[in-house]
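Visitor: The structure that follows is given in the form of C-alpha cells.
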Amino acid sequence: MLDWLTDNKIPLGRWIADGVDWMLTHMAWLFDAFSEGLGAAIEGFIDAMLWVPPLVLVAVFAGIGWYLHRSFKLVALIVLALLLVINLGYWEETVYTLGLVVFATVFCIVIGVPTGIAAAHRPWLYSALRPVLDLMQTIPTFVYLIPTMIMFGLGLVPGLISTVIFSIPAPIRLTYLGVSGVPTALREAGEAFGATHRQLLWKVELPHAMPTIMAGVTQCIMLSLSMVVIAAMVGAPGLGIPVLRALNTVNIAQGFEAGLAIVIVAILLDRVCKQPEGGRNKDRK
C-alpha cells in the first residue's frame, strides 16, 4: 500500500510550475507593467522621504505622533528613537523599510477591510475564505519568494507582494471578528431608528468594531516588519540587507544594530497606530 502511494505521486508541484510557466508566457507584459508602475510609485515615495533632511522628517513624524495622541511621552520617544537610528547610520535603510511597510499596510487595508466586512455579512464567504487564509498564514514565507521573484524580478515589488500575501489575513480576520461581533441589540436599535444598510455599517457596525479593526492594522504592520529580512533575499532594500550581511559575515555588532533599528520602527509604528484610550472613553461618555 505504501509503495503504491509513493509510486503514484500526485504532481502538485509540476502543476503549479506549469501554471506559473503559462502565466509567464501569456501574461509577462502584464507582470512587467505592474512591476514597473508599482516600483515607480514606491521608489518615488521613498525618494521623496530621502529628499527631506533627516531632522526635518523626524520633526514631521513627531508632529504626526502629537496630532494623533497628544502625548509628550510619545513625541519624545519618536524623536529619541529616530535620532538613535540616524546615529547608528541606518537612516536610509530605515526609510526604505518604512516605505515598504507603509505600502504593504495600505494594500492590506484597502483589500482586507472590505473583504472582512463582506465576510461578516455573508457567512458562506468567510467559510470559503477561511481555508485560503489558513494556507496563506501557514505556508513558509520563503515559498512566496519563488513565484514572485520569477514573475516580477528582483527588487521592492516582489518583496512587497510577498509581504502583502503574508500579512493580509490579519486585517481580514480581525475585521470579520469586529463586525460580526457587533451586538444584535445594537443593530436592532439602528434598524428601529430607520437606518439603511449603509448607515448601519458606517454609524453602528464600524464604530463598534474599530478597536478590533485597528488591532488588525497593527498586527498587519508587525507581520510586514517580520518580512523585512526575508524580502531582502529577493533584493528588496531596507534594514533586511544589513541583517543578511551580518548573518553571512557573522558580524554581531552589525546584526545587533540593524536588528535594533527594526525593533525601533516596530515600536514606533505600534505606538502611533494604536487607538488612543482617551478617544474610546470619550465615545462611551
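The values are calculated or read from the model by the stated rules, or taken from the named source; none is laboratory data. None of the values given here were measured: they were computed from a predicted structure. As a convention, Cβ positions derive from the backbone with ideal geometry for all residues, glycine included, and neighbour counts pool all protein chains shown. Accessible surface areas use protein heavy atoms only, side chains included; no ligands, DNA or RNA. Shrake-Rupley method; radii C 1.70, N 1.55, O 1.52, S 1.80 Å.
Visitor: I want to verify a result. In a Gaussian network model of the chain, Cα cutoff 10 Å, which of these has the top mean-square fluctuation: Val20, Val85, Val263?
Guide: Val20
Visitor: Go through Ile252, Ile230 and list them by solvent-accessible area, largest first, probe radius 1.4 Å.
Guide: Ile252, Ile230
Visitor: Keeping all protein chains in position, work out how much accessible area Glu36 exposes to a 1.4 Å probe, and write it in Å² to the nearest 10.
Guide: That residue has around 140 Å² of solvent-accessible surface.
Visitor: Charges only on Cβ, +1 for Lys and Arg, -1 for Asp and Glu: so what's the dipole of segment 41-163 about the Cα centre, in debye to the nearest 20?
Guide: The dipole of segment 41-163 has a size of about 500 debye.
Visitor: Which whole DSSP H helices in the chain pass both tests: a Cα extent of 18 Å or more along the axis and a mean Kyte-Doolittle value no lower than 0.0?
Guide: Those that clear 18 Å and a mean of 0.0 are 12-26, 28-51, 54-69, 72-88, 91-121, 123-138, 206-226, 252-273.
Visitor: Here's something else I'd like to know. In nm, give the distance between the simple-model label positions of Asp270 and Ile16, each being 7 Å from the Cα along the Cα-to-Cβ direction.
Guide: 3.1
Visitor: In the chain, how many lysine pairs have Cα atoms under 30 Å apart, counting only pairs 8 or more places apart or on different chains?
Guide: The number of close lysine pairs in the chain is 8.
Visitor: In terms of solvent-accessible area of protein heavy atoms at a 1.4 angstrom probe, what is the ranking of Thr184, Thr115, highest value first?
Guide: Thr184, Thr115
Visitor: With a 1.4 Å probe and all protein chains left in place, how much of the accessible area of the chain comes from carbon and sulfur atoms, in whole percent?
Guide: Accessible surface attributable to carbon and sulfur in the chain totals 69 percent.
Visitor: Which shape class, rounded, prolate or oblate, goes with the chain when its Cα gyration tensor gives a ≥ b ≥ c as root eigenvalues, a/c under 1.5 marks rounded, and past that a/b bigger than b/c marks prolate?
Guide: oblate
Visitor: Determine how large the accessible area of Arg130 is when every protein chain is in place; take a 1.4 Å probe and give Å² rounded to the nearest 10.
Guide: Accessible area of Arg130: about 120 Å².
Visitor: What does the accessible area per residue of the chain come to in Å², with a 1.4 Å probe and no ligands, DNA or RNA counted?
Guide: 57
Visitor: Which residue fluctuates most in the GNM of the chain (Cα springs below 10 Å): Gly19, Gly181, Gly216?
Guide: Ranking Gly19, Gly181, Gly216 by mean-square fluctuation puts Gly19 first.
Visitor: So, with +1 on the Cβ of K and R and -1 on the Cβ of D and E, and no other charges, what is the size of the charge dipole of the chain about its Cα centre, to the nearest 20 debye?
Guide: 1200
Visitor: Binning at 10 angstrom from zero up to the longest distance, how are the C-alpha pair distances of segment 108-248 distributed in percent?
Guide: Spelled out bin by bin, segment 108-248 gives 12, 34, 27, 16, 8, 2, 0 percent.
Visitor: Quick check: from the Cα gyration tensor, does segment 23-168 come out rounded (a/c under 1.5), prolate or oblate?
Guide: It is oblate, given that a/c is not under 1.5 and a/b is not larger than b/c.
Visitor: Given the options Met214, Ala185, Ile150, identify the residue whose Cα lies farthest towards the positive end of the charge dipole of the chain (+1 on Cβ of Lys, Arg; -1 on Cβ of Asp, Glu).
Guide: The residue sitting most towards the positive pole is Ala185.
Visitor: At 1.4 Å probe size, what's the solvent-accessible area of Phe107? Round to the nearest 10 Å².
Guide: Surface accessible to solvent at Phe107 totals approximately 70 Å².
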